[in-house]
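Down below is the structure, laid out as structure tokens.
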Amino acid sequence: MLFLLLWGPLLVLAAVCLLTLDKLEPRRRRGLFPLFAAMLVLAAALFGGAWLLGRYGLAWRTWFQWGLSGLLWLAGLAAGAATVGYAGRWLEEKGRAVKTTVTGLSALCLASAMLVGTVLGGLWCLGPMEQVVTYGGQRVILGRWVSSCELYEYHGPLVRGAGPMLADWDESLIEGAMNWQALLFPRGGGIMEPNQGKEVWP
């Protein structure tokens with residue numbers, strides 16, 4: 001099902017895009033190649049970078065992953081729309097029926113890929129709300145999930161440790177956090193201790 005709704009449509013769009021780049025002169029498909037190239041570069045940075053970082057126990061910072069995902073979504077939408085629009089130019093010589101069929105199928109593939117890709121991509125790039133703090137004299141990242149908080153190793157503005165650095169930690173040792181009480185206790189109550197199923201009340 002996933003192939004029919006996401007990977008298949010993406011392959012169709014890629015094929016139509018490459019044919020359009022081959023059939024039309026540069027002046028008749030202006031902007032299509034830069035958009036297609038930008039989409040490939042962003043996808044390589046987002047997914048390839050995440051895979052490479054994961055091999056070393058690292059992960060993209062949440063803000064950077066969201067930013068790359070948003071840029072990739074915009075580049076994909078622009079490249080797909082340009083592909084559908086420009087494809088009609090070289091398909092005119094193939095006849096009205098062929099042009100209507102190919103452009104219609106391409107538009108349908110674009111809609112399916114964007115819809116399914118948005119849902120799956122949104123789930124994939126979910127991450128904790130992050131804040132750089134000091135814990136026990138060490139610079140770390142405080143990440144807040146829906147019902148818990150975790151500490152991650154700090155590796156700069158773009159990268160953090162992939163998994164929590166401590167199974168148990170003491171929130172009283174956190175220093176330098178802006179409004180960290182509101183971050184840890186957003187509803188005026190306690191937080192869920194990492195890897196535990198009980199409330200801890202301040």
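The values are calculated or read from the model by the stated rules, or taken from the named source; none is laboratory data. Keep in mind the model is a prediction, meaning the values are calculated, not measured. Methodologically, a virtual Cβ is constructed for each residue, glycine included, from the backbone with ideal geometry; neighbour enumeration extends over all protein chains shown. Ligands, DNA and RNA are excluded from the accessible area calculation, which covers all protein heavy atoms including side chains. Shrake-Rupley method; radii C 1.70, N 1.55, O 1.52, S 1.80 Å.
Data for the structure
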item	result
Set 37, 44: member being without any contact (Cβ under 8 Å) to a residue 12 or more places away in the chain, of a type in the set (A, V, I, L, M, F, W, C) and more than 21 Å from residue 116 (Cβ to Cβ)	37
Qualifying residue in the range 3-18 (condition: open to solvent by 20 Å² or more (accessible area, probe 1.4 Å), over 14 Å from residue 114 (Cα atoms), touching a residue at least 12 places away in the same chain (Cβ under 8 Å) and in contact with a helix residue (DSSP H, G or I) (Cβ under 9 Å, 6 or more places away or on another chain))	no
Every residue from the range 77-109 that is exposed (fewer than 14 other Cβ atoms within 10 Å of the Cβ) and either under 23 Å from the mean Cα position of the chain (by Cα) or in contact (Cβ under 8 Å) with a residue 24 or more places away in the chain (or both)	108
Checking residue 59 against (1) assigned to a helix (DSSP H, G or I); (2) under 20 Å from the mean Cα position of the chain (by Cα), the condition it does not meet	(1)
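For every residue, the table says whether it meets (1) surrounded by 15 or more Cβ atoms within 10 Å (Cβ to Cβ); (2) under 12 Å from the mean Cα position of the chain (by Cα); (3) among the hydrophobic types (A, V, I, L, M, F, W, C).
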position: 38; (1), (2), (3): yes, no, yes
position: 41; (1), (2), (3): no, no, yes
position: 44; (1), (2), (3): no, yes, yes
position: 50; (1), (2), (3): yes, yes, yes
position: 54; (1), (2), (3): no, no, no
position: 66; (1), (2), (3): yes, yes, yes
position: 72; (1), (2), (3): yes, yes, yes
